[in-house]
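Data first, discussion second: the structure below is written as structure tokens.
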Amino acid sequence: MIREKLVQGFRDGVVVPEGLIAHGRGEAFDYLVGEKTMPASEKAEKTAAAYLLKAKKPVISVNGNTAALVRDDIINLSKIVPAKIEINLFYRTDERIKKIVEMFKGVGVLGGRPDARIPGLEHHRGLCCKEGIFSADVVLVMLEDGDRVKALSDMNKTVIAVDLNPLSRTALTANVTVVDNVTRALKNIIKFCEKLKNNKAEIEETIKKFDNKGNIDEALKYISKRLEDLVVV
Ligand code: PTJ
């Protein structure tokens with residue numbers, strides 16, 4: 001189903017060919033994790049929810065793959081937090097932006113008329129909105145390029161990244177790395193937002209006890225143990 005959604009997104013001009021390649025890489029990692037949420041990922045998802053709820057100006061960044069795969073979850077999450085949604089494309093074209101804006105019609109997404117730049121990124125890739133990503137304190141990115149995560153981090157933003165590759169530059173640069181399929185991750189983050197929403201103490205506690213590097217290590221150990229257990233001879 002995931003593959004079909006992306007292929008349809010590609011035919012509709014929402015997903016780029018590179019997005020299909022990125023999906024293939026993600027799929028390979030998903031087999032390694034057993035196509036389910038690892039305990040370390042659940043911890044990161046809870047922490048992601050805590051950061052989003054605590055933020056003053058949280059923004060969910062959307063690209064072609066996430067628009068095609070998890071549009072409804074993005075809208076639900078943006079309402080629960082509440083957070084702004086900004087379309088921010090790596091392979092930016094006006095036509096793609098227009099198509100994705102159309103997919104989020106009625107929700108009020110940013111990104112159609114960028115009026116600011118993320119320092120350190122070349123022209124097209126640095127475009128963003130002043131009232132969105134540019135002034136956000138917490139940004140949720142999914143299937144994001146490493147340079148852009150680094151640039152956001154250099155702007156002193158807290159970056160939450162969903163990326164199935166625990167060794168990608170994105171995963172290693174983000175403040176909170178969720179090593180999970182975006183189709184599971186967003187649902188879990190929504191679940192934790194509902195749980196934490198009125199509990200300030202637990203939000204603080206969750207953030208305080210989270211160690212991102214240690215959590216990535218835990219994910220790697222889980223994958224490694226899983227592979228060892230799968231060895232038959
Ligand atoms: O729509 P655009 O123009 O913004 O372009 C989007 C892509 C995804 C093409 C662009 O951001 C890109 O090239 O990303 P990368 O650098 O290929 O990184 C994508 C990362 O997401 C890789 O580490 C994949 O393993 C991972 N990934 C792929 N599918 C999923 C995933 N992570 C979580 N859930 C997935 N379903």
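Between VAL15, VAL7, VAL81, the distinction of being open to solvent by less than 80 Å² (accessible area, probe 1.4 Å) and closer than 24 Å to LYS200 by Cα belongs to VAL81 only.
I'm trying to understand the selection: among the residues of region 209-233, which are part of a loop (DSSP other than H, G, I, E, B) and in contact (Cβ under 8 Å) with a residue 12 or more places away in the chain?
The initial filter retains those residues of region 209-233 that are part of a loop (DSSP other than H, G, I, E, B), namely 209-211, 231-233.
Selection gives PHE210 alone.
For region 189-222, filtering for residues that are within 16 Å of the ligand (Cβ to nearest atom) and surrounded by fewer than 17 Cβ atoms within 10 Å (Cβ to Cβ) leaves 1.
Exactly one residue out of THR206, THR170 is part of a helix (DSSP H, G or I) and within 13 Å of ALA48 (Cα to Cα): that is THR206. Comparison of PRO119, PRO166 shows that the only residue that is farther than 21 Å from LEU77 by Cβ, buried (at least 20 other Cβ atoms within 10 Å of the Cβ) and either at pLDDT below 95 or of a type outside the set (Gly, Ala, Ser) (or both) is PRO166. Just so you know, in region 60-108 the residues that are within 15 Å of the chain's Cα centre (by Cα) and among the basic types (Lys, Arg) include one that is nearest to GLY126 (Cα to Cα), and it is LYS84.
May I ask you to verify whether GLY111 is open to solvent by less than 30 Å² (accessible area, probe 1.4 Å), within 15 Å of the ligand (Cβ to nearest atom), in contact with a Ser or Thr (Cβ under 6 Å, 6 or more places away or on another chain) and of a type outside the set (A, V, I, L, M, F, W, C)? So GLY111 fails the test. Residues that are of a type in the set (Asp, Glu) number at least 2 in the following helices (runs of 4 or more DSSP H) confined to region 1-117: 17-33, 39-54, 64-80, 94-103. Do the conditions hold for GLY26, that is, is it open to solvent by 10 Å² or more (accessible area, probe 1.4 Å) and of a type outside the set (Ser, Thr, Tyr)? Against the criterion (open to solvent by 10 Å² or more (accessible area, probe 1.4 Å) and of a type outside the set (Ser, Thr, Tyr)), GLY26 qualifies. Examine region 178-188 for a residue that is in contact with a strand residue (DSSP E or B) (Cβ under 7 Å, 6 or more places away or on another chain), open to solvent by 20 Å² or more (accessible area, probe 1.4 Å) and assigned to a loop (DSSP other than H, G, I, E, B), and state whether such a residue exists. No; the residues of region 178-188 include none that is in contact with a strand residue (DSSP E or B) (Cβ under 7 Å, 6 or more places away or on another chain), open to solvent by 20 Å² or more (accessible area, probe 1.4 Å) and assigned to a loop (DSSP other than H, G, I, E, B).
The values are calculated or read from the model by the stated rules, or taken from the named source; none is laboratory data. Model, not experiment: these values are computed from the prediction. Don't worry about glycine lacking a Cβ; one is built from the backbone with ideal geometry, like all the others, and counts go over all protein chains shown. These accessible areas exclude ligands, DNA and RNA; they are computed on the full protein's heavy atoms, side chains included. Shrake-Rupley method; radii C 1.70, N 1.55, O 1.52, S 1.80 Å.
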